[in-house]
1. Do the conditions hold for residue 17, that is, is it part of a helix (DSSP H, G or I) and either surrounded by fewer than 16 Cβ atoms within 10 Å (Cβ to Cβ) or of a type in the set (A, V, I, L, M) (or both)?
2. Would you check which residues across the stretch 1-55 are among the acidic types (Asp, Glu) and within 22 Å of residue 78 (Cα to Cα) and list them?
3. Could you check, for the stretch 3-11, whether at least one of its residues is open to solvent by less than 70 Å² (accessible area, probe 1.4 Å), part of a helix (DSSP H, G or I) and touching a strand residue (DSSP E or B) at 6+ places or on another chain (Cβ under 9 Å)?
4. State all residues of the stretch 28-75 that are open to solvent by 30 Å² or more (accessible area, probe 1.4 Å), within 28 Å of residue 1 (Cα to Cα) and in a loop (DSSP other than H, G, I, E, B); if no residue qualifies, say none.
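The values are calculated or read from the model by the stated rules, or taken from the named source; none is laboratory data. Here the structure is a predicted model, which means the values were calculated and not measured. With ideal geometry, Cβ positions are generated from the backbone for all residues, glycine too; neighbour counts draw on all protein chains shown. Heavy atoms of the whole protein, side chains included, go into the accessibility calculation; ligands, DNA and RNA do not. Shrake-Rupley method; radii C 1.70, N 1.55, O 1.52, S 1.80 Å.
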Amino acid sequence: SLTITVVTPAYNAAADLRRCLAAIREGSVQPAELIVVDDGSTDDTPKVAQDFGAVVLSTGGRRGPSVARNLGAKHAQSD
């Protein structure tokens with residue numbers, strides 16, 4: 001059966017990220033993986049992601065959402 005990974009790029013998104021990850025966890029289809037790529041946040045974004053059980057990756061600084069998405073896709077283990 002097909003498995004999916006959700007990759008979410010995030011920059012200083014702690015408040016919005018809570019709602020986003022809660023909606024994913026409450027959905028009828030659960031991803032095999034949940035990856036949040038922190039793009040140099042200075043808020044609690046990485047901690048929020050960890051609290052939801054996400055794999056947290058970092059771009060190492062402000063590199064933009066496309067770099068963050070590509071990094072997440074590179075590490076995804078699903079189909």
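1. For residue 17, the condition - part of a helix (DSSP H, G or I) and either surrounded by fewer than 16 Cβ atoms within 10 Å (Cβ to Cβ) or of a type in the set (A, V, I, L, M) (or both) - is met.
2. 26, 33, 38, 51
3. Kept after step one, since they are open to solvent by less than 70 Å² (accessible area, probe 1.4 Å), are these residues of the stretch 3-11: 3, 5-10.
Imposing the further condition that a residue be part of a helix (DSSP H, G or I) reduces the set to none.
Within the stretch 3-11, not a single residue is open to solvent by less than 70 Å² (accessible area, probe 1.4 Å), part of a helix (DSSP H, G or I) and touching a strand residue (DSSP E or B) at 6+ places or on another chain (Cβ under 9 Å).
4. 28, 29, 30, 32, 52, 53
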